[in-house]
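Inspection log for the structure reproduced underneath, given as structure tokens.
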Amino acid sequence: MSVTQQHLLDTYRAAQHGGPRPPAPGRHDWQVVREIRDHGRFRAVIEERPARGRVRSALSGLIRGAFRRRGSVARTP
């Protein structure tokens, strides 16, 4: 069963029972993404880690490490 079919079935059941209609599929996706991001920041603060910039600092550390392993001398093909 697809998401659309499930939504239509839920809407039909809500109408039969006199309940509120369910939200359309995908309506709250960005809100869920923001809540997951906020929860990750919250967990970082609780665990006494930096709450922001963790991905960027990790990637920059990897890039710096790759350049250190290569050496400071420029290679010529």
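Worth pointing out:
- Pairs with Cβ under 8 Å, 6+ apart, first in segment 1-28 and of a type in the set (Ser, Thr, Tyr), second not in a helix (DSSP H, G or I): 4/25; 11/21; 11/22
- Inside segment 23-36, residues that are modelled with pLDDT under 90 and not hydrophobic (A, V, I, L, M, F, W, C) make up a count of 6.
- Residue tally, condition hydrophobic (A, V, I, L, M, F, W, C) and either in a loop (DSSP other than H, G, I, E, B) or exposed (fewer than 10 other Cβ atoms within 10 Å of the Cβ) (or both), over segment 1-30: 3
- Cβ pairs under 6 Å, 6+ apart, first in segment 36-62 and open to solvent by less than 100 Å² (accessible area, probe 1.4 Å), second modelled with pLDDT under 85: 41/51; 44/51; 45/51
The values are calculated or read from the model by the stated rules, or taken from the named source; none is laboratory data. Since this is a predicted model, take the numbers as computed values, not measurements. Positions of Cβ are backbone-derived with ideal geometry, glycine not excepted, and every protein chain shown enters the neighbour counts. Areas reflect the complete protein model, heavy atoms only, side chains present, ligands, DNA and RNA absent. Shrake-Rupley method; radii C 1.70, N 1.55, O 1.52, S 1.80 Å.
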